[in-house]
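A.B. asks: Quick one: structure below, then a few questions.
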Amino acid sequence: MPHKFNAECRDNIPKVLYHGTNWHDYNESPRKHSDVTVWPNRPQAAKVAKIQDN
């Protein structure tokens, strides 16, 4: 049965929109509350090591 079979009888619930208002605090929060560590994979680590040797 098609999903629009009873479309006119169903309630139309509007989609909830969430808006971030304080992006600076949102972006700084992980740094304040936990460790922000980047784990490169082996090819990337080799490239970084090669660049640092030069």
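We did not get these values from a lab; they are worked out from the coordinates using the rules stated. Note that this is a predicted model, so its numbers are computed, not measured. Using ideal geometry, Cβ is built from the backbone for each residue, glycine included, and neighbour counts are taken over all protein chains shown.
A.B. asks: Counting only residues that are surrounded by 10 or more Cβ atoms within 10 Å (Cβ to Cβ) and small (Gly, Ala, Ser), how many does the chain have?
C.D. replies: Residues that pass the stated criteria total 3.
A.B. asks: Taking the chain as the search range and keeping residues that are part of a loop (DSSP other than H, G, I, E, B) and of a type in the set (Ser, Thr, Tyr), which one is nearest to the chain's Cα centre (by Cα)?
C.D. replies: 18
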